[in-house]
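Everything on this sheet refers to the single structure shown next.
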């Protein structure tokens, strides 16, 4: 085999390839050994795509260290060709998050760079690579093109002429990030992307999400993304089958230190987990985020401290602070129209808001348990 670092990056022979970065992301761990996985960032930087990006951890990190050796351009798109071959030098199989500091679906990433990255994933067949994007349309367009697949095969052949490339790559799981029902259309696009496993990262989950009833805009049909079925507008009758179905769903609440970090309603979690269980789709609950189900400490629930740290979240995704909620009850003219409307809706005769308190206690205190249990499952991994 030709030196992959030289063949794929053009770096002179003898140069030492960079190592992968160990990650604490829970869904990169080996569930049997507990061994941590890796992140592989051959691209840094991204662009805002939807409200799920508002409190982006990657942007905060890159901005904090902007101008330094790791993020010289801050969160602007930066290509790191020298990092491409890193997975090939990690010989022990692992789960690898691809571009945790960017989005593989960015149109600004050169097509040939992406083809070389997929060639690395084909050659490093002992790893499982995890891709999560908010831009499935770009991935569908690129990964479906015969010339893209041919480019991947050519780059593989330049390193190992005897390596047969199976397409889609069996060790690459392609997913989308979906924060609420309004952005569930990404799943419909995803299921047309060539991939061995299609998955969803519902993190940060900031609104209800029904993956069994995603409305297709062009014809108003309902799509059951977990079953891989297209139904009539009422959902009563199956009228067509999708080319694929979701095989894995990750759920997580929002974390971070900003004041605007949004709470996750427990009912949203229950709905997704129940739907996955009904169709035997692997589910993984990553975290509640910074907002937990119970207040910190043992003080009274109506104390001033708890009002400051409480977030009232409705089933439809609207939320406010405990201070705003209390003020809406006593001084309704001193809160915003949105808070006053939420308070009035909740106290209406036919209320379906299901407002419940969540408590800003920090990510570690909030934990990862759902009804006292860890929910951790992966889809079956295949390797070429």
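Nothing in this text is a laboratory measurement; each read-out follows from the coordinates by a stated rule. Since the model is a prediction, treat every value here as computed from it, not as a measurement. Cβ sites come from the backbone with ideal geometry, for glycine too, and all protein chains shown count toward neighbours.
Please report how far the C-alpha centroid of segment 1-78 lies from that of segment 84-129, rounded to the nearest whole angstrom. Centre-to-centre (Cα) distance: 10 Å. When the square roots of the Cα gyration tensor eigenvalues are ordered a ≥ b ≥ c, the ratio a/c for segment 1-130 is 1.5 or more and a/b does not exceed b/c, which makes its shape oblate.
Over the chain, dividing the summed -39,500 (n - 2.57) contributions of all DSSP H runs of at least 4 residues by the number of residues returns a 222 nm mean residue ellipticity of -7000 deg cm²/dmol.
For helix 266-278, what angle does its Cα long axis make with the longest principal axis of the chain, in degrees from 0 to 90 and rounded to 10? That works out to roughly 50 degrees. Using the alpha-carbon centroid of each, what span in Å lies between segment 222-266 and segment 330-347? Cα centroid of segment 222-266 versus Cα centroid of segment 330-347: 31 Å apart. Residue order for 325, 48, fewest other beta carbons within 10 angstrom first, comes to 48, 325.
In percent, rounded to a whole number, the relative contact order of segment 104-193 is 39, using alpha-carbon pairs under 8 Å and six or more apart.
Stretching the chain fully between residue 237 and residue 373 yields a gain of 45.4 nm (0.36 nm per residue, less the alpha carbon separation). Report the calculated FRET efficiency for residue 64 and residue 90 (r = Cβ-Cβ distance, R0 = 35 Å), to the nearest 0.05. Computed FRET efficiency for residue 64 and residue 90 comes out at 0.80.
Measuring nothing but how far apart in sequence close Cα pairs (under 8 Å, 6+ apart) lie, relative to its length, the chain scores a relative contact order of 13 percent.
A P(r) calculated from all alpha carbon pairs of segment 304-360, with 5 Å bins opening at zero, reads 4, 23, 30, 26, 14, 2, 0 percent. For helix 111-123, what angle does its Cα long axis make with the longest principal axis of the chain, in degrees from 0 to 90 and rounded to 10? That helix lies at roughly 80 degrees to the long axis. Modelled spin-label separation between residue 337 and residue 182, with each label point placed 7 Å from Cα along the Cα-to-Cβ direction: 1.6 nm.
Would you mind calculating the relative contact order of segment 304-360 from Cα pairs under 8 angstrom and at least 6 residues apart, reporting the percent as a whole number?
42 percent
Once a ≥ b ≥ c are taken as the square roots of the eigenvalues of the Cα gyration tensor of segment 87-183, is the result rounded (a/c under 1.5), prolate (a/b larger than b/c) or oblate (a/b not larger than b/c)? It comes out oblate by the Cα gyration axes.
Using 0.36 nm times the number of residues separating residue 111 and residue 218, minus their current alpha carbon distance, what extension gain do you get?
Result for the pair: 35.6 nm of gain on full extension.
Estimated from the Cβ-Cβ distance and a Förster radius of 22 angstrom, the FRET efficiency linking residue 145 and residue 382 is about 0.40.
For Cα extents along the principal axes in Å, the choices are (i) 78, 50, 45; (ii) 66, 45, 41; (iii) 73, 54, 38; which was calculated from the structure? Step by step, Cα extents along the principal axes in Å for this structure corresponds to label (iii).
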